Amino acid sequence: MKIIEILTKIDRRIIYLILLIAVIVPLLFPSPEKVRVMPPVEKFYYAIDKIPEEKALIVDFDYAPQTAPELDPMGFAILRHAFKKRIKVLVLSLYVQPLGLARNALTQVVAEFNSAAQTNADSIIYGRDYVFLGWQVGPILAMLSMGESITNFYKVDYYGNKTDTLPLMKQIKNYNNVGLLASLSGSDIPKYWVMYAQNRFGLKVGAGVTAVSASEFYPYLQTGQFSGLMIGMRGAAEYEEMIEKNLNIKSRKKASESLPALTYAHLVMIIFIVIGNIGYFIKRRKK
Amino acid sequence: MKRTIPLFLVFIFGIMGIIPFIIPNPIVQGTDEFVRNNLLKILAAFALILGLGSLLKVHMDKIRRRRQNWGYSWVLIISFIITSIIGLFGGVAGTGILPTTIGSFSFDVWTIYFNVEVPLGSTMFALLAFFMASAAYRAFRARSTEATLLLASAFIVMLGVLPLGERISPHLPSFAQWIMEVPNVAGQRGILLGVALGALATALKIILGIERSWLGGGGE
């Protein structure tokens, strides 16, 4: 009787404490985990890698601080990949909230590259190599309007510059000049890119999503509507692995560093579920 | 008249929303672009103001009537006023119309964003892990065959996405991937098709004026 009591009635504070230790200890002593790269991330990587010189990559940062630990490393890794390959980048957010995170990622990655640059040609220059379009009202309006003219919809960029005066925007007029759109989102936004921008204008879309929402995006990957799919912390770690292996980018691998914490937290949950079920079965047999 | 005009506008703009997807005529496309880039942008800006007004009205009403947890409405209103003042006068990144910097501390939207919103948002989401662990321990039981299958697939997927899964068996990540790509997609596709057909039927009912509950007053 006593064992059943113990197994089925563990105080929630004990569960909280054990989970807290399982998360904090690996974060205090980070050691990046190596992961096997799965096909959805591999496809995403090569979709970006093969963007032709005359075309740009749009990175849509559409996640709030709540989901930033999972999605931020994806944004960083994609930007590093694009700048290393000298792919032209446009950054935007369809909602106001993620703007700060987008700005943060851009500022940090550009600084990383520019600190190692020797000449002007090596540097990542605003207006020439990338543009931060910022935010405009109406997410679906943005998706549809950019198919006709990006500068017509985003008349000014995030910093208040007129977009049609920026050298990069003279080459990138609409989706015809865009090789891929990477939608990093904690919500349904990647699906909307498929519905509005891909169906009507043929824009290629890749998605980076949170692990909890991943299951609903797989149908789009299977049909080929997504050119790649990155899922949660693990997906970001796989992308970090790819850019390190293929492009020799040696930067901090935030997702890979966080994987041990994620592993232990999941293990704790699995153990508690097993304990709960053992208690349940003993109780049922006794009845 | 109060109902006829909105119904007429919904019919016209509903049809105008569909036509550009199927007719690539330059006049149709041009009209669509004009509606989107001019009319809808202005409407969206008004909707934003309307939404903010409505939010404040609801919370003022809650305070006035002393409804449950009315104290939190004060938090919202005070935060709204402070953020608006800082945003209007301090600007986004300290570029506002008034000097709002004290020492190295800048009173602007980014200061609020990075020092209040980011930590608060992260904290709220982080708490979920603890509640989920406790709830999973209490409720995730193999009570039936369906529940057992759910439990087994959850374990496989959880372990499969972690580096640990690969150490248990090199086939585990691929098996987890298969669960997501085959049985999951089969179920998801059914749900997607159902939702899409439902949305289509509802949209048609609204455009044709059969469904009028959005006007207020039910289906009259």
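Things to note:
- Among the residues of the range B:91-132, just one is within 7 Å of chain A (Cβ to nearest Cβ) and among the charged types (D, E, K, R), namely B:117.
- Helices (runs of 4 or more DSSP H) contained entirely in the range A:4-119, each with at least 1 residues that are assigned by TED's automatic domain parsing to the domain that holds residue A:205 and not polar (S, T, N, Q): A:39-49, A:68-84, A:99-116
- Residue list for the range B:1-17, restricted to those being in contact (Cβ under 8 Å) with a residue 24 or more places away in the chain and assigned to a helix (DSSP H, G or I): B:6, B:7, B:10, B:11, B:14, B:15
- Lone qualifier among B:79, B:54 - being modelled with pLDDT of 85 or more, hydroxyl-bearing (Ser, Thr, Tyr) and surrounded by 12 or more Cβ atoms within 10 Å (Cβ to Cβ): B:79
- The test for being within 18 Å of the chain's Cα centre (by Cα) and at pLDDT below 95 does not hold for residue A:144.
- Screening A:239, A:280, A:218 for residues that are more than 19 Å from residue B:129 (Cα to Cα), out of contact with any Ser or Thr (no Cβ under 8 Å at 6 or more places or on another chain) and at the interface with chain B (Cβ under 8 Å from one of its Cβ atoms) leaves exactly one candidate, A:218.
- When A:100, A:75 are checked against the criterion of being within 19 Å of residue A:238 (Cα to Cα) and of a type in the set (Gly, Ala, Ser), a single residue qualifies: A:75.
- Check on residue A:261, touching a residue at least 12 places away in the same chain (Cβ under 8 Å), small (Gly, Ala, Ser), more than 22 Å from residue B:182 (Cβ to Cβ) and outside the structural domain of residue A:21 (by TED's automatic domain parsing): no
- Answer residue from the range B:133-147, given it is part of a loop (DSSP other than H, G, I, E, B) and facing chain A (nearest Cβ under 7 Å) and is nearest to the chain's Cα centre (by Cα) among those: B:140
- If the condition is being in contact (Cβ under 8 Å) with a residue 40 or more places away in the chain, part of a helix (DSSP H, G or I) and of a type in the set (A, V, I, L, M), then the range A:170-223 contributes A:189, A:197, A:211, A:221.
- For the range B:38-67, filtered to residues that are within 14 Å of chain A (Cβ to nearest Cβ) and more than 23 Å from the chain's Cα centre (by Cα), the residue that is farthest from residue A:152 (Cα to Cα) is B:39.
- Scanning the range A:120-145 for residues being within 12 Å of chain B (Cβ to nearest Cβ), more than 15 Å from residue A:183 (Cα to Cα) and part of a loop (DSSP other than H, G, I, E, B) gives a total of 3.
- Residue match in the range A:206-213 (condition: out of contact with any helix residue (DSSP H, G or I) (no Cβ under 7 Å at 6 or more places or on another chain), at pLDDT below 95 and in the same structural domain as residue A:155 (by TED's automatic domain parsing)): yes
- Within the range B:8-33, tally of residues that are over 27 Å from the mean Cα position of the chain (by Cα) and over 26 Å from residue B:212 (Cβ atoms): 10
The values are calculated or read from the model by the stated rules, or taken from the named source; none is laboratory data. Values in this document were obtained by computation on a predicted structure and should not be read as measured data. No Cβ is skipped: glycine too gets one built from the backbone with ideal geometry, and neighbour counts run over all protein chains shown.
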